[in-house]
Amino acid sequence: LAQSLFALFASSLAISLVFAIIPLCHNVVVLAVVMAVAGLAMGCIDTISNMQLVKIYQKDSAIFLQALHFFVGFGALLSPLIADPFLSDTNCILSNSTANASSNLPHIRKSLVPHHPGNLSHYDLPMKGMVVTRVSYAFWIMALINLPVPIAVFFLLYKERMGAGFHFFSLLSADELAMETRPTEKDDLSTTVQRPHAAEGHDDLFSCCQSKNFRGASYTYFAVHITGALVLFMTDGIVGEYSGFIYSYAVEEPLSVVHKVAGYLPSLFWGFITLGRLISIPVSYRMKPATMVFINVVGVLITFLLLLIFSYSVVFLFVGTASLGLFLSSTFPSMLAYTEDILQYKGCATTVLVTGAGIGEMVLQLLVGSIIHDQGSYSFLVCGMIFGGLAFTFYTFLLFFHRMYPKPSSDTDDASPDKPAVMDDTGQYQR
């Protein structure tokens with residue numbers, strides 16, 4: 001826990017520093033390095049926050065994961081609104097001879113749409129002249145907005161006496177932390193129950209990567225990890241490719257949506273993702289994560305099928321975008337809760353699933369972009385249908401491996417990864 005808090009502190013502080021530095025980068029290589037640091041920091045925050053919620057709340061983690069990812073979507077919806085007042089309506093650099101030419105800029109985006117690249121040589125985009133953008137202020141505002149986060153994490157470190165005396169780089173060992181945080185032993189039963197909690201809560205941050213945890217593991221142990229990661233590879237990949245290419249698809253034929261109207265589609269998509277995650281917080285209290293994931297993947301598949309059938313309808317494009325946002329909204333947190341429930345809340349599955357989701361969001365955007373460039377905009381929906389079908393197929397395999405996975409038993413070896421890690425106050429395994 002101490003290592004996780006320190007990693008969260010360092011990562012969240014790095015994000016504020018990166019946002020403050022970005023406007024000062026006048027070289028594309030320096031900007032690329034700075035953005036890479038931001039990506040690493042965000043990846044650490046994403047993995048650690050999900051993993052610690054699972055380990056702390058265990059069978060109740062579904063509700064907290066839904067709340068966590070609601071704020072992820074809320075941030076994605078809010079940050080463009082913060083930046084919008086500082087964006088220029090024209091080119092960010094204007095010269096006297098090309099001030100009038102800037103009115104052609106909205107048409108440049110259309111000409112850049114894949115499959116119809118066009119010839120941009122007649123557009124004069126000045127590289128020198130008067131700078132008319134104030135976008136730097138947006139980055140500095142975001143850096144200030146984020147600053148309370150590392151301050152709050154630092155306060156947690158101080159409050160728990162994990163960072164006393166700025167002793168971050170020589171943190172207490174797991175045994176010492178367990179001794180400090182162990183409650184008073186009231187009776188033999190409470191001692192038996194609480195000791196596994198102390199040891200489990202303060203595992204090494206990279207304990208799930210140790211080979212000793214895999215000794216004696218059944219093939220279903222690995223199969224659950226792999227199939228869960230593949231489901232999120234597809235669903236998070238759909239989120240990335242849909243939000244990235246829905247504008248380009250809408251402005252192309254046969255829909256030919258007006259550019260300003262098409263610009264609302266990504267906002268609508270993220271808005272309904274945020275709304276869906278908000279709705280999922282109370283729903284996850286009543287519904288099992290496995291059921292929620294099933295509804296999500298089936299809903300995504302049906303929505304893409306209807307989008308293909310009504311591909312000439314602008315109205316249904318908006319309806320389908322909203323529907324897709326709702327179905328994709330709770331897939332990630334529900335899958336995390338479901339997979340960790342199968343594997344008895346070790347936290348290792350969270351790392352694998354978050355990594356699989358991140359790779360999918362990166363790879364599928366590149367793949368879909370190249371396919372649209374070669375095959376045309378209609379292939380955008382076909383790709384989504386294929387990815388939705390694969391997500392449903394992998395989820396079916398996950399259900400099969402769940403049935404095959406060995407049930408927890410009291411005589412399971414302590415070193416085995418199949419052993420349930422935590423018991424509740426009644427001595428029953430948490431499921």
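Evaluate the range 351-367: report whether one residue or more is closer than 19 Å to Ile63 by Cα and not in a helix (DSSP H, G or I).
no
Tell me which of these Leu278 doesn't satisfy, since it passes every other one: (1) more than 30 Å from Leu1 (Cβ to Cβ); (2) open to solvent by 10 Å² or more (accessible area, probe 1.4 Å); (3) under 20 Å from the mean Cα position of the chain (by Cα).
Answer for Leu278: the failing condition is (1).
Every residue in the range 300-327 that is open to solvent by 10 Å² or more (accessible area, probe 1.4 Å) and farther than 15 Å from Leu381 by Cβ, please.
Val315, Ala322, Leu326, Phe327
Can you tell me which of (1) more than 23 Å from the chain's Cα centre (by Cα); (2) at pLDDT 50 or above is the one Ala152 doesn't meet?
(1)
Among the residues of the range 371-412, write down those that are modelled with pLDDT of 85 or more and among the acidic types (Asp, Glu).
Selection gives Asp374 alone.
Inspect all residues belonging to the range 29-39 and state whether any of them is within 25 Å of Met292 (Cβ to Cβ), of a type in the set (Gly, Ala, Ser), surrounded by 14 or more Cβ atoms within 10 Å (Cβ to Cβ) and not assigned by the TED database to the domain that holds Met287.
So far as the range 29-39 goes, no, none of its residues is within 25 Å of Met292 (Cβ to Cβ), of a type in the set (Gly, Ala, Ser), surrounded by 14 or more Cβ atoms within 10 Å (Cβ to Cβ) and not assigned by the TED database to the domain that holds Met287.
So in the range 368-402, with the set limited to residues that are of a type in the set (Ser, Thr, Tyr) and either touching a strand residue (DSSP E or B) at 6+ places or on another chain (Cβ under 9 Å) or assigned to a loop (DSSP other than H, G, I, E, B) (or both), which one is most open to solvent (accessible area, probe 1.4 Å)? If you could, list the steps in order and put the result at the bottom.
Pass one, the range 368-402, residues of a type in the set (Ser, Thr, Tyr): 370, 377-379, 393, 395-396.
Next cut, either touching a strand residue (DSSP E or B) at 6+ places or on another chain (Cβ under 9 Å) or assigned to a loop (DSSP other than H, G, I, E, B) (or both) only: 377-378.
Working: Ser377: 17, Tyr378: 113 Å².
Among them, the one singled out is Tyr378.
Restricting attention to the range 50-71, does a residue exist that is hydrophobic (A, V, I, L, M, F, W, C), without any contact (Cβ under 8 Å) to a residue 40 or more places away in the chain and surrounded by fewer than 17 Cβ atoms within 10 Å (Cβ to Cβ)?
Yes, the range 50-71 contains at least one residue that is hydrophobic (A, V, I, L, M, F, W, C), without any contact (Cβ under 8 Å) to a residue 40 or more places away in the chain and surrounded by fewer than 17 Cβ atoms within 10 Å (Cβ to Cβ).
Please find, within the range 34-61, the residue that is farthest from the chain's Cα centre (by Cα) out of those that are under 19 Å from Ser4 (Cβ atoms) and of a type in the set (Val, Ile, Thr).
This residue is Ile56.
Take the conditions at pLDDT 80 or above and in a helix (DSSP H, G or I) and apply them to Thr192. Does it pass? Spell out the reasoning first.
On the way: at pLDDT 80 or above: no; in a helix (DSSP H, G or I): yes.
Here the answer is no, as Thr192 does not meet what is asked.
Would you be able to tell me the number of residues in the range 328-367 that are within 24 Å of Pro282 (Cα to Cα), of a type in the set (A, V, I, L, M, F, W, C) and open to solvent by 30 Å² or more (accessible area, probe 1.4 Å)?
Within the range 328-367, residues that are within 24 Å of Pro282 (Cα to Cα), of a type in the set (A, V, I, L, M, F, W, C) and open to solvent by 30 Å² or more (accessible area, probe 1.4 Å) number 0.
Yes or no: the range 279-301 includes at least one residue that is polar (S, T, N, Q) and at pLDDT 90 or above.
Scanning the range 279-301 turns up at least one residue that is polar (S, T, N, Q) and at pLDDT 90 or above.
Here is a list of conditions, (1) open to solvent by 30 Å² or more (accessible area, probe 1.4 Å); (2) more than 17 Å from the chain's Cα centre (by Cα), and Gly244 meets all of them except one; can you say which number that is?
Status for Gly244: all satisfied but (2).
Give Val54, Val72 a once-over and let me know the one that is in a helix (DSSP H, G or I), assigned by the TED database to the domain that holds Phe6, at pLDDT 80 or above and touching an Asp or Glu at 6+ places or on another chain (Cβ under 6 Å).
Val54
Given the structure, is Val315 modelled with pLDDT of 85 or more, hydrophobic (A, V, I, L, M, F, W, C) and touching a helix residue (DSSP H, G or I) at 6+ places or on another chain (Cβ under 9 Å)?
no
The values are calculated or read from the model by the stated rules, or taken from the named source; none is laboratory data. A quick note: this is a predicted structure, and the numbers were derived from the prediction, not measured. Here the Cβ is made from the backbone with ideal geometry for all residues, glycine too, and neighbour counts use every protein chain on show. We work out accessible area using only protein heavy atoms, side chains counted, and drop any ligands, DNA or RNA first. Shrake-Rupley method; radii C 1.70, N 1.55, O 1.52, S 1.80 Å.
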